Amino acid sequence: MRRSTWLLALPLLCGAPALAAQTVQNATLRRAQQAFDNLDYRQALTAAQASLRERLTGFERARAYELLGFTYSGLDSILKAVDAFNTELMSSGKWVFGGGLQPASTSTVVRVENGDVLTTDGPFAEGKEHIGGFWIITAPDLDAALAWAAKATVACAAPVEVRPFQEDVEA
């Protein structure tokens with residue numbers, strides 16, 4: 001049986017853009033940077049705007065404006081491109097499901113230990129990448145799935161991982 005259902009996963013780097021080697025001392029601006037890194041753009045905008053009302057070094061002021069610019073312009077163009085990709089994918093009949101995820105910092109891990117179910121805050125594994133969103137599509141083969149992933153990676157300006165679902169087991 002050929003695999004026909006594919007996951008296109010959007011792993012996002014969780015780290016500051018490598019635009020400056022200087023350290024940000026202002027706590028509000030650090031919160032803005034952290035929110036931006038976690039893809040919480042609303043909080044990034046709020047904190048970056050608030051930091052501009054505080055005493056900042058020249059570097060920090062430039063960084064605050066840089067975060068505001070990346071957040072406004074980058075987010076707007078990416079959202080438009082992803083929306084166009086989603087429309088094309090749905091129109092083609094290949095769309096099964098898809099969506100964006102809240103930042104990894106909002107996750108809860110559920111596990112069993114010695115027969116007890118435990119929950120902990122945060123991602124399951126510490127890492128530099130976390131899944132930021134995904135699409136589930138149908139495609140006849142890997143090449144077709146990769147063609148859709150190529151369009152997705154252009155739209156979201158980030159790498160896209162392609163994985164087949166396990167084959168269905170017929171009873």
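The values are calculated or read from the model by the stated rules, or taken from the named source; none is laboratory data. Fair warning: this is a prediction, and the values are worked out from it, not measured in the lab. Virtual Cβ from ideal backbone geometry, glycine too; neighbours counted across all protein chains shown.
Taking every residue in the range 28-56 that is closer than 18 Å to THR106 by Cα and pairing it with any residue that is surrounded by fewer than 17 Cβ atoms within 10 Å (Cβ to Cβ) and of a type in the set (A, V, I, L, M), at least 6 positions away or on another chain, the pairs with Cβ-Cβ distances below 7 Å are GLN33/ALA16; ASP37/ALA16; TYR41/LEU75.
Residues of the range 55-85 that are at pLDDT 85 or above and surrounded by fewer than 16 Cβ atoms within 10 Å (Cβ to Cβ): ARG55, ASP83, ALA84. Taking (1) free of Cβ contacts under 8 Å to residues at least 40 places away in the same chain; (2) surrounded by 13 or more Cβ atoms within 10 Å (Cβ to Cβ); (3) of a type in the set (Ser, Thr, Tyr) in turn, SER105 satisfies each apart from (1). The requirement of being free of Cβ contacts under 8 Å to residues at least 12 places away in the same chain and either surrounded by fewer than 17 Cβ atoms within 10 Å (Cβ to Cβ) or under 16 Å from GLY100 (Cα atoms) (or both) is satisfied by ALA147. Only one of the numbered conditions (1) more than 25 Å from ALA35 (Cβ to Cβ); (2) loosely packed, with under 15 Cβ neighbours inside 10 Å; (3) in contact (Cβ under 8 Å) with a residue 40 or more places away in the chain; (4) not hydroxyl-bearing (Ser, Thr, Tyr) is violated by ASN114, and that is (3).
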